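The values are calculated or read from the model by the stated rules, or taken from the named source; none is laboratory data. Since the structure is predicted, the reported quantities are computational estimates derived from the model, not experimental observations. Here the Cβ positions follow ideal geometry from the backbone for every residue, glycine too, while neighbour counts run over all protein chains shown. SASA here: full protein model, heavy atoms, side chains in, ligands and nucleic acids out. Shrake-Rupley method; radii C 1.70, N 1.55, O 1.52, S 1.80 Å.
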Amino acid sequence: MRAQGAVSPGALEVTGLRTDHADEPLGIDELQPRFSWQLRSDRRAVRQTAYRVTVRELDGSRDAGREAWDSGWVTGPDQLGVVYTGAPLTSRTRYGWVVSVRTADGTEATSELATFETAFLDPAEWSGEWLACVVMAPTVASPLIRREFDLDGDVVRARAYVCGIGYYELFVNGTRVGDSVLDPAWTDYRSRVLYATYDVTEHLVKGANAIGVALGNGWFEPTPSAVPSQLQPQVILELHVELADGRRVAVVTDRDGAWLATADGPVIDHGIYGGETYDARREIKGWAEPGLRHGASGARWRRALPVEPPAGVLQAQALEPIRVVDELTPVTVRRLGPDSHVVDFGQNFAGWVRIHLAGGPGTVVTLRHAELMGDDGRVNTVNLRSAAATDRYILAGGAARWFEPHFTYHGFRFLQVDGHPADLTAHDVVGRVVRSAVERIGEFRCDDDLMNQLHRNVVWTEASNLHGLPTDCPQRDERLAWLNDMTVRGEQAVHNFALARLYGKWFTDILDTQGAATGAIADTAPHVRYGRRPADPVVSSFLLVPWLLHGHYGERRWIERHYEDLVRWVSYLASLRHDGIVEHSEIGDWAPPVSEAVAGSAGSGAMSAVTPGGLISTGFLYLDLVLMGTFATLLGRTDDAAWYEREAAAVRDAINDRYLDRDPARYHPGNQSSMAFPLYLGIVPPELEQEVLDGLVRDIEEHDHHLTTGNLCTKYVMDVLGRYGRADVAMKLLRQRTYPSWGYMIEMGATTIWERWEHVTGGVLAGMGSHNHPMYGAVDSWFYRFLGGIAPTWEAPGFGKVMIEPVMPDGLHSVDCTLRTPRGPLRSSWTRTKTGVDVTVVVPPNATASLLLPVPATAVVREGAAVLWNSGVPGEPVAGIAQVSADTGGIRLDLGSGRYDLSAVTTPPSVPRRTQ
Ligand code: BGC
């Protein structure tokens with residue numbers, strides 16, 4: 001979003017216009033894009049009462065052209081997900097749109113023009129062919145493909161539409177186009193392949209031009225023998241140019257012989273797991289420039305041949321590209337031996353290293369990436385399994401220069417550099433932090449250093465695992481999006497990052513795994529290497545992702561469009577019941593402390609030996625049925641909603657019949673997971689809730705405030721404690737520093753969240769010893785949800801109506817949470833004072849909040865000089881505050897938009913007395 005200055009006093013601004021959650025997107029192929037905007041005003045209680053969107057075709061400039069849509073004035077507060085319903089959009093056309101808004105006080109304001117541009121609205125419009133570099137000898141080198149062409153006029157507008165799989169880099173006239181890396185986002189190529197659109201107007205010239213594409217293997221881990229039989233690196237490209245005199249020229253990948261290819265480029269081996277080997281001696285000077293003398297280039301150039309296209313449909317990449325988003329400077333660089341160094345970045349992260357190297361021709365410098373250090377002072381790569389995670393540079397001699405890889409990434413904190421005789425310093429090595437360039441939207445801070453560090457570790461972990469899909473880990477030979485982890489992780493992630501587009505794409509990846517006959521989805525999406533179909537029943541992320549997208553971002557398209565697909569999966573799962581219970585469980589509450597796991601399953605699996613799989617699987621069926629009921633209600637399918645409600649009740653009863661002992665009340669066998677999960681689901685008979693909760697707390701206390709839970713129920717224990725008023729116990733878990741706990745990880749030097757509660761540096765657990773694994777980071781949503789108290793409601797999704805109900809546990813002094821919601825910043829912050837608590841809340845325009853201050857009704861609540869509540873009596877009316885009332889658990893304030901700086905005085909002697 002464009003940088004915004006202060007809004008002028010009293011004014012209303014309509015700003016932050018987005019099309020399908022993107023600022024001015026280039027190359028969309030959505031037939032009915034959705035619009036959103038924000039309002040800005042320094043006034044309180046701003047409410048939109050009507051809007052009007054108009055869309056016009058733009059002819060390459062910002063001159064208004066043909067009108068495509070005028071929504072007319074639409075009454076209501078909608079500002080998110082407003083669906084384009086104008087004239088059919090045209091491919092490769094630029095559109096401009098503005099929105100006018102009226103607010104309750106009669107003010108009217110109009111936005112500035114925002115744009116979006118279409119690409120190929122129908123994949124059949126592609127005329128290019130897929131080309132590859134076909135060579136007889138097996139090779140793992142990155143192919144280069146190029147052609148030259150002339151333009152006999154000045155260029156006014158040019159777009160390149162490109163997809164190269166597994167990865168590609170696009171060059172025009174020798175210059176790299178764009179700043180994205182590792183493009184395109186990975187999909188199952190049998191279902192879909194994503195292309196990107198680039199504005200290359202400035203790259204082209206009148207006269208001779210050249211295009212070059214370097215291709216990478218991407219997610220295919222090649223071996224020389226495997227490459228020929230696999231889908232090979234290949235590219236499809238169309239360049240569309242408008243000349244000043246109105247002529248249009250297209251240059252596309254085709255078989256006319258002008259496209260040439262070579263496998264003799266400098267990237268001689270590469271894969272995301274293995275790393276990249278770059279031979280600088282094989283660089284081909286000017287390979288992407290016009291005028292290359294092919295014969296004298298040092299490479300063998302041959303015709304690029306048309307090859308079988310991937311079976312999947314070509315789609316516009318509708319998510320943020322992967323980019324280098326940050327750089328890290330080494331904390332230490334130590335010399336190990338004559339030509340060996342070890343670098344510590346002080347932070348585990350995903351990306352790669354940019355390094356300044358010097359050496360004679362043929363010098364091989366090897367970079368090994370690792371999360372761990374060995375006792376011998378060398379990197380410990382034991383937990384990477386078969387991923388070599390090694391980059392190599394073969395130097396060409398000459399002056400020292402910078403190198404970085406092109407088609408790989410690593411998860412690491414430590415780097416071992418071998419083969420470089422000269423000294424390396426911190427100035428010679430740069431950590432390049434690489435991830436999907438999604439916006440950071442959440443901030444949390446409190447006065448407890450350990451909890452702040454935990455939050456920081458979670459954010460780094462999440463950031464390390466966003467690469468076009470939500471991966472499980474960035475370092476070993478896996479990096480897959482496991483749906484079971486995502487069942488708990490998603491809620492954390494949507495608070496910290498803007499994931500409307502990335503999760504939309506990933507939801508489609510899940511759909512691509514769905515079986516046509518059974519409706520069963522898979523454990524991983526895209527589904528390769530690991531995981532099974534049918535998935536384990538714990539994969540409720542299939543439903544939770546669209547649920548979160550609606551609640552947090554106001555995006556309901558996935559529920560609308562794929563309701564039937566969700567039905568098919570849930571029906572499949574429901575059909576597995578015997579006597580009401582789904583016994584099938586292969587993953588369950590995964591990776592609890594080893595003492596709780598099935599003996600011998602430590603290395604390759606980590607099933608719980610204690611928590612009944614049937615309870616977990618059937619519990620998730622219950623959750624799915626409840627979510628389906630919610631979706632059915634949203635879509636107005638009342639019969640379906642009633643049916644799901646009945647089915648959910650039947651599943652609840654079946655779980656209680658099988659697993660609930662009533663005297664004393666406990667879910668068999670009474671461990672933390674089996675007690676917390678039913679409470680989380682809300683299936684415990686109300687009269688037994690307290691007893692089950694007490695049992696859970698007792699178990700936690702008997703473990704001296706340690707968890708015995710796996711990846712899923714860890715979140716549920718925390719949420720249940722927050723929800724049922726036992727934040728005191730949750731705080732003890734959060735502040736625990738001995739094994740197993742998050743604090744233990746931090747005590748052991750963790751800068752990211754581990755896969756296991758154990759500190760794994762070798763031994764049988766090594767194969768499952770990722771040190772950068774988001775699933776246990778699911779705890780982070782607790783900070784926003786309970787300490788900040790922030791929750792969206794379905795009444796007005798996307799934080800149109802917000803619940804703010806912070807808990808203020810003893811021992812914590814202050815909390816400050818901010819979420820940049822699609823409507824604007826939302827803040828909940830509190831600080832204890834000598835006499836009570838100060839609370840600051842910021843509610844975005846066109847939103848309302850229901851704030852529950854957890855203070856007794858005898859408190860006095862003020863804003864500045866105004867008394868809002870005085871010992872049980874509402875005070876004077878204040879702008880923006882619709883009502884102040886006593887509520888169970890505190891004093892409730894119904895707030896319109898704006899900033900509120902409140903103070904509550906709760907200590908009796910300090911309570912100001914009314915003077916009259
Ligand atoms: C993944 C986990 C996942 C598990 C399920 C592991 O290999 O890294 O995150 O939950 O498999 O089987």
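Restricting region 325-345 to residues that are aliphatic (A, V, I, L, M), touching a Gly at 6+ places or on another chain (Cβ under 7 Å) and in a strand (DSSP E or B) leaves a set whose member that is modelled with the lowest pLDDT is LEU336. For region 733-764: of the residues being of a type in the set (Gly, Ala, Ser) and open to solvent by less than 20 Å² (accessible area, probe 1.4 Å), which is nearest to VAL594 (Cα to Cα)? Ranking the qualifying residues of region 733-764, first place goes to SER741. Scanning region 105-147 for residues that are aliphatic (A, V, I, L, M), at pLDDT 95 or above, open to solvent by 10 Å² or more (accessible area, probe 1.4 Å) and part of a loop (DSSP other than H, G, I, E, B) yields a total of 2. Here region 870-885 is the region considered, the condition is being part of a strand (DSSP E or B) and in contact with a Phe, Trp or Tyr (Cβ under 8 Å, 6 or more places away or on another chain), and the residue that is nearest to PRO845 (Cα to Cα) is ILE881.
Note on region 765-801: among residues that are of a type in the set (S, T, N, Q), open to solvent by less than 10 Å² (accessible area, probe 1.4 Å) and in a loop (DSSP other than H, G, I, E, B), the one that is nearest to the ligand (Cβ to nearest atom) is SER770.
Kindly evaluate TRP830 against the criterion of being at pLDDT 95 or above and more than 16 Å from the ligand (Cβ to nearest atom). When the stated conditions are applied, TRP830 passes them. Looking across ALA649, ALA591, ALA609, ALA642, one residue alone is free of Cβ contacts under 8 Å to residues at least 24 places away in the same chain, within 16 Å of the ligand (Cβ to nearest atom) and not β-branched (Val, Ile, Thr). It is ALA609. Here ILE559 passes the criteria (1) away from the ligand (no atom under 14 Å from the Cβ); (2) outside any helix (DSSP H, G or I); (3) open to solvent by less than 40 Å² (accessible area, probe 1.4 Å) except the one numbered (2). Taken as a whole, the condition of being touching a Ser or Thr at 6+ places or on another chain (Cβ under 7 Å), away from the ligand (no atom under 16 Å from the Cβ) and not aliphatic (A, V, I, L, M) does not apply to TYR739.
Identify, by number, the condition in (1) open to solvent by less than 20 Å² (accessible area, probe 1.4 Å); (2) farther than 20 Å from ARG40 by Cα that ASN846 doesn't meet. In the conditions (1) open to solvent by less than 20 Å² (accessible area, probe 1.4 Å); (2) farther than 20 Å from ARG40 by Cα, ASN846 misses (2) alone. The residue list PRO825, PRO845, PRO797 contains one member that is over 30 Å from GLY710 (Cα atoms), of a type outside the set (Gly, Ala, Ser) and in contact with a helix residue (DSSP H, G or I) (Cβ under 6 Å, 6 or more places away or on another chain), which is PRO797. Of the residues making up region 751-804, those that are hydroxyl-bearing (Ser, Thr, Tyr) and modelled with pLDDT of 95 or more are THR751, THR752, SER770, TYR776, SER781, TYR784, THR793.
Results for (1) out of contact with any strand residue (DSSP E or B) (no Cβ under 6 Å at 6 or more places or on another chain); (2) crowded, with 17+ Cβ neighbours inside 10 Å, shown as yes or no for each residue.
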residue	(1), (2)
HIS420	no, yes
ASP423	yes, no
ASP447	no, no
ALA463	no, yes
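Residues that are open to solvent by 10 Å² or more (accessible area, probe 1.4 Å) and not charged (D, E, K, R) within region 709-726 comprise TYR724, GLY725, listed in sequence order. Take the conditions (1) open to solvent by less than 40 Å² (accessible area, probe 1.4 Å); (2) in contact with a Ser or Thr (Cβ under 7 Å, 6 or more places away or on another chain); (3) more than 30 Å from THR277 (Cα to Cα); ASP70 misses just one of them, which is (1).
This table checks each residue for (1) more than 31 Å from the chain's Cα centre (by Cα); (2) part of a loop (DSSP other than H, G, I, E, B); (3) under 30 Å from VAL878 (Cβ atoms).
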{"position": "LEU39", "(1), (2), (3)": "no, no, yes"}
{"position": "ALA45", "(1), (2), (3)": "yes, yes, yes"}
{"position": "ARG66", "(1), (2), (3)": "yes, no, no"}
{"position": "TRP69", "(1), (2), (3)": "yes, no, no"}
{"position": "LEU80", "(1), (2), (3)": "no, yes, yes"}
{"position": "TRP97", "(1), (2), (3)": "no, no, no"}
{"position": "ARG102", "(1), (2), (3)": "yes, no, yes"}
